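For reference, the structure discussed in these notes is given below.
The values are calculated or read from the model by the stated rules, or taken from the named source; none is laboratory data. Bear in mind that the values here come from a model prediction, so they are computed numbers and not experimental data. Reconstructed Cβ throughout: ideal geometry from the backbone, glycine too, with neighbour counts over all protein chains shown. Note: accessible area is taken over every heavy atom of the protein model, side chains too, but ligands, DNA and RNA are not part of it. Shrake-Rupley method; radii C 1.70, N 1.55, O 1.52, S 1.80 Å.
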Amino acid sequence: MSFFLKDLCLLFKTQSEASPAGMTHVFVYGTLKRGQPNHKVLLGGTHGRAAFQGRGRTAEPYPLVIAGEHNVPRLLNVPGQGHRVVGEIYAVDEQMLRFLDEFEGCPDMYQRTPLPIAVLEWEGTRGAPRETPAADRTVQCFVYSTATFPPEWLHLPYHDNYDSQGQHGLRYNPRENR
């Protein structure tokens, strides 16, 4: 199974909408969003290029839970259950995509899967699809979700928008503190 999931991380990159400049869209919903603890890895070009494009939400409902000993936000790959999850759309280059695969523990912790994301607001021009999406249009993005999780996670509270300092009271434990 792990070999199959590693192949998915490599093969699905060709199915995402990419700009002529070779950028691929990634949807982030947790600690990689602006104002969240891990956003810094998208900045500065150290790990490749990432350009904010806009805000969106999953076209279908998914369970977004906060789970594990470090209170990590996890999008469970169970379409049709949960909420339409709000997040941010980035155009990333191949170097950043490889970095994010490693950062997200793909394919063991998360699996990178293409999903339609409904656009809420669009600011991006760099890495934009041929036609800039208007609100309520969809863009195909990679999303790091998990299909390998303990069954009890399906019984945790579902969230539609993650904030590490949110009212849920579950403080994220940053990697550097583990």
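Please determine whether any residue of the range 78-85 is open to solvent by 40 Å² or more (accessible area, probe 1.4 Å), modelled with pLDDT of 95 or more and in contact with a helix residue (DSSP H, G or I) (Cβ under 8 Å, 6 or more places away or on another chain). Yes, the conditions are met somewhere in the range 78-85. Only residues that are at pLDDT 95 or above and of a type in the set (Ser, Thr, Tyr) were counted across the range 126-171, and they come to 6.
The rows are residues; the columns are (1) within 27 Å of Gly44 (Cβ to Cβ); (2) among the β-branched types (Val, Ile, Thr); (3) surrounded by fewer than 20 Cβ atoms within 10 Å (Cβ to Cβ).
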site: Glu69; (1), (2), (3): no, no, yes
site: Ala91; (1), (2), (3): yes, no, no
site: Gln95; (1), (2), (3): yes, no, yes
site: Glu104; (1), (2), (3): yes, no, no
site: Tyr110; (1), (2), (3): yes, no, no
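Tell me which residues, restricted to the range 95-113, are of a type in the set (Asp, Glu) and not in a loop (DSSP other than H, G, I, E, B). Within the range 95-113, Asp101, Glu102 qualify.
Residues in the range 32-50 that are closer than 21 Å to Glu121 by Cβ and either modelled with pLDDT under 95 or surrounded by fewer than 18 Cβ atoms within 10 Å (Cβ to Cβ) (or both): Arg34, Gly35, His39, Leu43. Within the range 102-118, restricting attention to residues that are aliphatic (A, V, I, L, M) and modelled with pLDDT of 95 or more, the residue that is farthest from Leu75 (Cα to Cα) is Ala118. Of the residues examined, Gly54 is one that is out of contact with any helix residue (DSSP H, G or I) (no Cβ under 7 Å at 6 or more places or on another chain), over 21 Å from Ala147 (Cβ atoms), of a type outside the set (Val, Ile, Thr) and not in a loop (DSSP other than H, G, I, E, B).
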